Number of protein chains: 2
Amino acid sequence: MPAKKILMLTGEFTEEYEIFVYQQAMEAVGHTVHVVCPDKNAGDLIKTSLHDFEGDQTYTEKMGHYFTINKTFSEAVANPGQYDAVYCAGGRGPEYIRTDKRIQALVRHFHETEKPIFTICHGVQILIAVEGVIRGKKVAALGACEPEVILAGGTYIDLSPTDAYVDGTMVSAKGWTALAAFIRECLKVLGTEIHHN
Amino acid sequence: MPAKKILMLTGEFTEEYEIFVYQQAMEAVGHTVHVVCPDKNAGDLIKTSLHDFEGDQTYTEKMGHYFTINKTFSEAVANPGQYDAVYCAGGRGPEYIRTDKRIQALVRHFHETEKPIFTICHGVQILIAVEGVIRGKKVAALGACEPEVILAGGTYIDLSPTDAYVDGTMVSAKGWTALAAFIRECLKVLGTEIHHN
C-alpha cells in the first residue's frame, strides 16, 4: 500500500512546532502532508506563533518561523476526497479559522466519511465547531479548551503533557511537548509499520 | 534488533527546530535521543534560537522555545560507547561548544569507532574542530560554513535547502528546511525500515 495523504488545517499564528515537527516527521517516513490556510495559495507565507511555558499561569507567545503554505486552500476544499486523514494543528489559528464555513465543510467530510481525525492543543477548537464530531468522543487538548469540549458533547481527557490519546481513529494530545507520542499514535492509525534492523 | 540510541550535541542557542523536530521525529519511530549540553544536567533548561529567512542577506535570530535537556552531560562524556550515532544540531551552539575538549572527545569517539555522524547547518562547525573527521568527506552545511569545511579537508556540497547528502554513514544538510529529507536519510543509515499498510 502507498503512503498516506494528510490534510493539515492551519491559520495565521498556528503554533510553529505543531506545523513543522508534524509535517517533517511525517514526510521523513514517506507520507504527504498538505498544509493549507484559508485564502492562501501554495507558496504564500504565513506567520506562526511560538507558545512556550516560562513559569506564567498560561503560555507565552512569540513570533515563530515563517511557514510556506504548500497547497492552495481552494484546491483542498474542491477535493477533500483525496485525503486519508485530517490534522488540526493548535496555537492561535484554530480560534479564527473554525468560523470559516469552508473549514467546517472540510472537517465534516472527514467526520462523515469516518476517516482519521488528529488534533493537538487548541486544534480541538476546530472540531467543536462542527456538530457531531466530538460528541461521545474522548479527546485530549490544551486544558483551557476543556469547557468547549464538554459543550460539544465530548469527554475531556487530562493527559500528561507528553502523552497522546486514541479514541477509535481520533488521536489527540495536549500540546507540542507531546508530539513524539502523538505522531507515533497517528502512524499506527495510518497503518505505518516501523522495523529496526 | 532494537531501536538505536543517538547522542545530540547542543549548546545554548542551538536552533530550536534542529533540536525538537529531530528528537520528536526520531522518538516517534522508536529511537532514543539523548540531548546534552556542556555542564547541563537532565532537567535543566536551555534557551534556543529561531533562525529564519526573512529577506535579509543572512538569517534573522529570535528566541526559540525553551528546551529541557534530557541527559546529564557528564554521564554522556563518561560513556559514549552506549550511543549508536551522534547528531550535531546547528544554530549558535556549535560555534562555542566545539572548543570544549569534552565535546571534541565525544566527536572523536564516533569518528574513531566509525559510527554514523549526522550534521545540519552550523553543526559542521563542531566536526571541523576534530582533526580527520571531515577530511576527505563530502558534506553539506549552511553556506556560510563552506570556508571551514574546506580548511578541514572536506568538500562542501551546495545542496538545495530541502535535500540531504549521504557520504558513507555521514548524513548532512543545509538547515532546518531540510529536516524531512535529513531525518529520512538518517533513518536509512540507522537501518530503520518503514512499511505502509
> So which of B:Val171, B:Val124, B:Val133 is at pLDDT 95 or above, buried (at least 22 other Cβ atoms within 10 Å of the Cβ), in contact with a Cys (Cβ under 8 Å, 6 or more places away or on another chain) and over 29 Å from A:Ile194 (Cα atoms)?
Replying inline: B:Val124
> Across the range A:1-13, what is the total count of residues that are within 11 Å of chain B (Cβ to nearest Cβ) and of a type in the set (A, V, I, L, M)?
Replying inline: 2
> Is the range A:73-86 home to any residue that is under 24 Å from A:Tyr156 (Cβ atoms) and touching a residue at least 12 places away in the same chain (Cβ under 8 Å)?
Replying inline: yes
>> Restricting to the range A:78-96, name every residue that is within 17 Å of A:Val33 (Cβ to Cβ) and hydrophobic (A, V, I, L, M, F, W, C).
In response: A:Ala85, A:Val86, A:Cys88, A:Ala89
> Which helices (runs of 4 or more DSSP H) sit wholly inside the range A:97-197 and have at least 2 residues that are within 14 Å of another protein chain (Cβ to nearest Cβ) and touching a residue at least 40 places away in the same chain (Cβ under 8 Å)?
Replying inline: A:179-189
> Quick check: is even one residue across the range A:44-58 under 22 Å from A:Tyr156 (Cβ atoms) and crowded, with 21+ Cβ neighbours inside 10 Å?
Replying inline: yes
> Condition test on A:Tyr87, is it under 30 Å from B:Tyr66 (Cβ atoms) and buried (at least 24 other Cβ atoms within 10 Å of the Cβ)?
Replying inline: yes
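The values are calculated or read from the model by the stated rules, or taken from the named source; none is laboratory data. Since the structure is predicted, the reported quantities are computational estimates derived from the model, not experimental observations. Methodologically, a virtual Cβ is constructed for each residue, glycine included, from the backbone with ideal geometry; neighbour enumeration extends over all protein chains shown.
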